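The values are calculated or read from the model by the stated rules, or taken from the named source; none is laboratory data. Bear in mind that the values here come from a model prediction, so they are computed numbers and not experimental data. When we count neighbours, we look across all protein chains shown, and the Cβ atoms used for this are built from the backbone with ideal geometry, even at glycine. When the accessible area is computed, the model is the full protein with side chains, heavy atoms only, and any ligands, DNA or RNA have been set aside. Shrake-Rupley method; radii C 1.70, N 1.55, O 1.52, S 1.80 Å.
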Amino acid sequence: MSSRRLRLAVPLAALALAAPACGFKSEPVGVLPSFPRTADDGQGRTVTVDAQPSRIVSLDPGLTETAFAVGAGADVVGAAGTESYPPPARRLPVAVDSDGKPKTAEIRRLDPDLILVPATLAGEAASLGSQFHVPVYVGGDGTLNDIEHDIAQVGVLTGFAVRGRTLVQHMQERVTAIRRGVGAEPPVRVFVDNGFFYTIDPAGPAGDLITMAGGVDVAADAQPGTPYPLVKLRAARPQAYLAVAGRGTTLSGLRKSPGTKRLPAVRSGRFLLIDPNALTDRGPRVVATLRQIAHALHPTASLS
């Protein structure tokens, strides 16, 4: 084991050691499990790795985060370039072009033995596997269940199955606590502003987070790619206003605007700026985002 891997493995040792108490089969920390290993990816494909991967190229920021979270960060040699977490992932060579397509020359240079790709590249998984003669894991569609599945399965393929399963269990425990905390509270009407009154896809993963956080999306009838009409927003009377940071929306600006200053959320100051990546994050940090939203909607609820 390299010193680089050892440094990343130490903070995660507690998770692996806790596994027997959670009913998981024990795998000694620092000892490579037997291979080959097989997993089902997020699209139901069977993926098999013959030996422990040591050169992983991830074309999806959520899967990059996942690889680091389960303990395989030292083996990730290429990334999507849009990673915000963890910090070391931001320094990796970029293997995706500006259109979100794989940079084949760069991938070839990185010489991977496992490639992780998002669901949007599912149609290219087979050709990538054939071109580079490596297994390709395709992520799920971004729901919380999909993210948990990806964590567990990436853990299996990278040799960190216990850490993956333990992380999933911890996530599930935190989500259960959040749901319990908001379950006794009345739902809060909320609007999510992605800038200039564009909003989230109500049927997408971000919409699921709002519901799990005890909110009701007042823009559930929003048309993708179209700003939500102010007349509808005023009629919906949102009690909370969530805005994506860096898109120009501020509480002071909403209070100055004739179209929004009388919204209940604006008058009460129930306003939350969300990190630009938070609502699209498809890695383990999604639970932290869920808790942040739940706390904004239900500040007096016990979430732990």
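How many of the residues making up segment 271-304 are part of a loop (DSSP other than H, G, I, E, B) and under 25 Å from the mean Cα position of the chain (by Cα)?
Within segment 271-304, residues that are part of a loop (DSSP other than H, G, I, E, B) and under 25 Å from the mean Cα position of the chain (by Cα) number 14.
Of everything in segment 36-54, what is among the small types (Gly, Ala, Ser), touching a residue at least 12 places away in the same chain (Cβ under 8 Å) and surrounded by fewer than 21 Cβ atoms within 10 Å (Cβ to Cβ)? Give them in sequence order.
Taking segment 36-54 first, the residues among the small types (Gly, Ala, Ser) are 39, 42, 44, 51, 54.
Okay, now just the ones that are also touching a residue at least 12 places away in the same chain (Cβ under 8 Å), so 39, 42, 51, 54.
51, 54, listed by residue number.
If we scan segment 97-114, do we find a residue that is of a type outside the set (Gly, Ala, Ser), within 19 Å of the chain's Cα centre (by Cα) and at pLDDT 95 or above?
Taking segment 97-114 and keeping what is of a type outside the set (Gly, Ala, Ser), we get 97, 99, 101-104, 106-114.
If we keep only those that are within 19 Å of the chain's Cα centre (by Cα) too, we end up with none.
No; the residues of segment 97-114 include none that is of a type outside the set (Gly, Ala, Ser), within 19 Å of the chain's Cα centre (by Cα) and at pLDDT 95 or above.
Can you name the condition, by its number, that residue 259 falls short on among (1) touching a helix residue (DSSP H, G or I) at 6+ places or on another chain (Cβ under 9 Å); (2) part of a loop (DSSP other than H, G, I, E, B); (3) under 22 Å from residue 201 (Cβ atoms)?
In the conditions (1) touching a helix residue (DSSP H, G or I) at 6+ places or on another chain (Cβ under 9 Å); (2) part of a loop (DSSP other than H, G, I, E, B); (3) under 22 Å from residue 201 (Cβ atoms), residue 259 misses (3) alone.
Filter segment 195-230 down to residues that are part of a loop (DSSP other than H, G, I, E, B) and either aromatic (Phe, Trp, Tyr) or without any contact (Cβ under 8 Å) to a residue 60 or more places away in the chain (or both), then give me how many there are. Step through it out loud before you land on a result.
Within segment 195-230, the first condition is being part of a loop (DSSP other than H, G, I, E, B), and the residues that meet it are 195-204, 213-214, 218-229.
Cutting the leftovers down to either aromatic (Phe, Trp, Tyr) or without any contact (Cβ under 8 Å) to a residue 60 or more places away in the chain (or both) gives us 195-199, 201-203, 218-229.
Within segment 195-230, residues that are part of a loop (DSSP other than H, G, I, E, B) and either aromatic (Phe, Trp, Tyr) or without any contact (Cβ under 8 Å) to a residue 60 or more places away in the chain (or both) number 20.
For segment 55-105, which residues satisfy the criterion of being assigned to a loop (DSSP other than H, G, I, E, B), surrounded by 23 or more Cβ atoms within 10 Å (Cβ to Cβ), of a type outside the set (A, V, I, L, M, F, W, C) and in contact with a Lys or Arg (Cβ under 6 Å, 6 or more places away or on another chain)?
Within segment 55-105, 71, 83 qualify.
With (1) at pLDDT 95 or above; (2) touching a helix residue (DSSP H, G or I) at 6+ places or on another chain (Cβ under 8 Å); (3) open to solvent by 20 Å² or more (accessible area, probe 1.4 Å) as the list, and residue 304 as the residue in question, which single condition is left unmet?
Tallying (1) at pLDDT 95 or above; (2) touching a helix residue (DSSP H, G or I) at 6+ places or on another chain (Cβ under 8 Å); (3) open to solvent by 20 Å² or more (accessible area, probe 1.4 Å), residue 304 fails exactly one: (1).
Is one or more of the residues making up segment 241-252 in contact (Cβ under 8 Å) with a residue 12 or more places away in the chain, touching a Lys or Arg at 6+ places or on another chain (Cβ under 6 Å) and either in a loop (DSSP other than H, G, I, E, B) or not polar (S, T, N, Q) (or both)?
Within segment 241-252, not a single residue is in contact (Cβ under 8 Å) with a residue 12 or more places away in the chain, touching a Lys or Arg at 6+ places or on another chain (Cβ under 6 Å) and either in a loop (DSSP other than H, G, I, E, B) or not polar (S, T, N, Q) (or both).
Just one of the numbered conditions (1) within 26 Å of residue 142 (Cβ to Cβ); (2) open to solvent by 30 Å² or more (accessible area, probe 1.4 Å) is not true of residue 251; which one?
So residue 251 meets the others, but not (1).
Name every residue in segment 120-151 that is assigned to a helix (DSSP H, G or I) and in contact (Cβ under 8 Å) with a residue 40 or more places away in the chain, in order of residue number.
Within segment 120-151, 121, 122, 125, 144, 146, 147, 149, 150, 151 meet the criteria.
I'm trying to understand the selection: among the residues of segment 170-219, which are surrounded by fewer than 17 Cβ atoms within 10 Å (Cβ to Cβ), more than 20 Å from residue 238 (Cβ to Cβ) and not acidic (Asp, Glu)?
Listed by number, the residues that qualify are 170, 172, 174, 176, 177, 179, 180, 183, 184.
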